[in-house]
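Data first, discussion second: the structure below is written as structure tokens.
The values are calculated or read from the model by the stated rules, or taken from the named source; none is laboratory data. If you're wondering where the values come from, they're calculated on a predicted model, not measured in any experiment. Glycine also receives a Cβ, built like all others from the backbone with ideal geometry; neighbour counts cover every protein chain displayed.
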2 protein chains.
Amino acid sequence: MSLNFRFPNFRTISNSDMSKTNIRALAMQLGLSQGTVSKALKDSYEISAATKKRVMAAAKKLNYVPNAYASSLRKKKSKTIAVVLPEVADSFFSVAINGIESIAQQKGYHVLIYLTHENFAKEKAILNELKSGRVDGVLLSVTRETKNSKHIFDLQTSGVPVVLFDRVLEEIKTAKVCTNDFDSSYIAAKHLIERGCTKIAYLSISKNLAIANERLEGYKKAVRECGLLFEKNFLVACNNSENYNYAVIKKLLCSSNRPNGILVSVEKLIITTYQVCNALQLKIPDDVKVAGFSIFPSASILNPPITTICQPAFEIGETATSLLFKILEKRGVELENKKIVLPSTLIVRSST
Amino acid sequence: MSLNFRFPNFRTISNSDMSKTNIRALAMQLGLSQGTVSKALKDSYEISAATKKRVMAAAKKLNYVPNAYASSLRKKKSKTIAVVLPEVADSFFSVAINGIESIAQQKGYHVLIYLTHENFAKEKAILNELKSGRVDGVLLSVTRETKNSKHIFDLQTSGVPVVLFDRVLEEIKTAKVCTNDFDSSYIAAKHLIERGCTKIAYLSISKNLAIANERLEGYKKAVRECGLLFEKNFLVACNNSENYNYAVIKKLLCSSNRPNGILVSVEKLIITTYQVCNALQLKIPDDVKVAGFSIFPSASILNPPITTICQPAFEIGETATSLLFKILEKRGVELENKKIVLPSTLIVRSST
């Protein structure tokens, strides 16, 4: 193909001149309208794959500088994404934020962090506020109270893409990134059984969260499969009050039918469990074996070091953010309704 | 005083009408110009204390609705404050953020969190960016690398108020909120000495941070006062590499002149210290006593539970934010150049 037009190389031109001229040149070259070329360069769904391919090939050959990408970013108003999550004083979320930041920084984006403190009304208010165009996209991990998803749907409808991470809601059509909660819990419960536990209690907080439910079901499956007795008092529902949690765990460990294994599904309950065992002079792992979902940096120096189900928090943050940028960098593309599962790892230590 | 003018109560008026009318009424009443009254209501430094007092008294008597406050807030563009800090995967900072959030939420402000990851160039770039008016004020805890303060001064000069917290720079004229690092360190070192330690090592990371220096000086004072031998190899400089830190702490504890007490000035070094002691089969507290600056939630369940200098992280965040809002809510007032010190607490556990 010969160049049958001249590039305007001999005068000072602005970027936007350059962009326009090049699109015009490309359009002339290909016998297409400028609008079609522009849309093809932006990967618009209105243009056929064959036309896009032709335009891209010509653009490459003519050293076209794809200002479309930059201008698409320019049209986003804020260059900011929001992370809406329950808490930062938690190993999982604080590490996930580092993963999110690492990607946002590469892309030159700001990160707004909003804390819901497990309050559904607050989550709704925040998402409602974010409709205003303050941010280009949202990464969300829902509260323990979140039962319905209308507020998320409304935010999406207002044109703000949302990616869910860790605590996801299945019914929302978007990209979701989480870990294999069912399998991890199943594997941890099986591990306790292999180490000789015959009566395994399960500590949890939320009844609403999908991940809490998956962890519970994984535990139940292992217990059922191995023919262990399933006691109702072995399912201990904790809440956000440390005193309450201390009391119910103490009650569990003082009962005549005391468990000899505990699977702790929420990181902060590990501390309370250890404190109760210390107070009751129950020895871990001799009297009761303990395993927990946690990425505590201090897991290996606890008394005793605790067996953990270790979630890939940094990678979950990174992956969710990368998915969000896919949509922020391309206009007219919707986030695929898919779930990416990054597996957790069982790290066996002396508590089991 | 009788009301010698009529309030415009009998027509529908906008807020700004109301505000103007009331200021005019007040001005007439007091024989002052509207400008003077307006400035007095805004607590401007241009107006004398006596005049302000007269204006405020009349305003109160006439039930003047202080729209000046609301309009001052309206003139702020963003209703957002930024928190610039090294890290969220750290107990101190994650809890401090909760303190900051608690105040910002009351005030209806957004919180933007920027992480510097201890990188001075990043801190400079962030502060430079924040000059743009994206936020109304900044809460800053500097990086370990931050030696000079021009970037902070420049941000202040651009009209964005800055409050420093925890890791402060003395030379910056503004409000600063921190804890009593010198005294806490002194008290902790004295505690180790009282428990029988004769050779006390000190682990730190930064040489630049004022708080690191204060902690070091507190330790030195206690050691000097008690006439202990001051060994140069007892001052161990760690960095951000876990492997490096493990190696230097191991070297310290393998030396012929092994310390029998360690004061750990940075939370994350506690974990490494415990790991090295475990690996070398040194018993805490029998072979070596350990105390550390930390608000680990797991401090009480470590092996053994660790004696900590516990910083009031939530309160530091709260106080710094309250000071920032003092200036955000009043125009023409500068942040007082003062330091507020919230004391830490020594919590003695079995590691000493």
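Laid out as a table, the results:
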item	result
One residue from B:284, B:309 being touching a Pro at 6+ places or on another chain (Cβ under 8 Å) and modelled with pLDDT of 95 or more	B:284
Sole exception among (1) closer than 26 Å to residue B:327 by Cβ; (2) at pLDDT below 80 for residue B:9, by number	(1)
Odd one out for residue B:267, checked against (1) closer than 17 Å to residue B:308 by Cα; (2) of a type outside the set (Ser, Thr, Tyr); (3) surrounded by 23 or more Cβ atoms within 10 Å (Cβ to Cβ)	(3)
Scope the stretch B:40-60; condition touching a Lys or Arg at 6+ places or on another chain (Cβ under 8 Å) and at pLDDT 80 or above; matching residues	B:40, B:47
The listed residue being of a type outside the set (D, E, K, R), at pLDDT 75 or above and under 30 Å from residue A:295 (Cα atoms), out of A:37, A:84	A:84
Residue within the stretch B:256-272 that is in the same structural domain as residue B:190 (by TED's automatic domain parsing), modelled with pLDDT under 95 and acidic (Asp, Glu) present	yes
Residue tally, condition aliphatic (A, V, I, L, M), outside any strand (DSSP E or B) and touching a helix residue (DSSP H, G or I) at 6+ places or on another chain (Cβ under 6 Å), over the stretch B:105-129	1
When residues of the stretch A:88-101 are limited to those that are more than 7 Å from chain B (Cβ to nearest Cβ) and modelled with pLDDT under 90, the one surrounded by the fewest Cβ atoms within 10 Å (Cβ to Cβ)	A:90
Residue count for the stretch A:308-322, restricted to those that are surrounded by fewer than 24 Cβ atoms within 10 Å (Cβ to Cβ) and either within 12 Å of another protein chain (Cβ to nearest Cβ) or in contact with a strand residue (DSSP E or B) (Cβ under 6 Å, 6 or more places away or on another chain) (or both)	3
Flag if residue B:302 is touching a residue at least 24 places away in the same chain (Cβ under 8 Å), at the interface with chain A (Cβ under 9 Å from one of its Cβ atoms), touching a helix residue (DSSP H, G or I) at 6+ places or on another chain (Cβ under 6 Å) and of a type in the set (A, V, I, L, M, F, W, C)	yes
Some residue of the stretch B:137-149 being in contact with a Phe, Trp or Tyr (Cβ under 8 Å, 6 or more places away or on another chain), surrounded by fewer than 21 Cβ atoms within 10 Å (Cβ to Cβ) and basic (Lys, Arg)	yes
Leading residue by the ranking (nearest to the other protein chains (Cβ to nearest Cβ)) among those in the stretch B:226-271 that are without any contact (Cβ under 8 Å) to a residue 12 or more places away in the chain and either at positive phi or in a helix (DSSP H, G or I) (or both)	B:271
Boolean, residue A:113 is within 8 Å of chain B (Cβ to nearest Cβ) and of a type in the set (A, V, I, L, M, F, W, C)	yes
Filtered residues of the stretch A:284-298 (kept if in contact (Cβ under 8 Å) with a residue 40 or more places away in the chain, under 12 Å from residue B:298 (Cβ atoms) and more than 9 Å from every other protein chain (Cβ to nearest Cβ))	A:294
Strands (runs of 3 or more DSSP E) lying entirely in the stretch B:139-218 (those with 1 or more residues that are more than 22 Å from residue B:128 (Cα to Cα) and modelled with pLDDT of 95 or more)	B:176-178, B:200-204
Check on residue A:78, in a loop (DSSP other than H, G, I, E, B), surrounded by fewer than 18 Cβ atoms within 10 Å (Cβ to Cβ), more than 8 Å from chain B (Cβ to nearest Cβ) and not basic (Lys, Arg)	yes
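Yes or no, residue by residue, for (1) closer than 16 Å to residue B:215 by Cβ; (2) in contact (Cβ under 8 Å) with a residue 40 or more places away in the chain:
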position: B:172; (1), (2): no, no
position: B:177; (1), (2): no, yes
position: B:182; (1), (2): yes, no
position: B:187; (1), (2): yes, yes
position: B:192; (1), (2): yes, yes
position: B:200; (1), (2): yes, yes
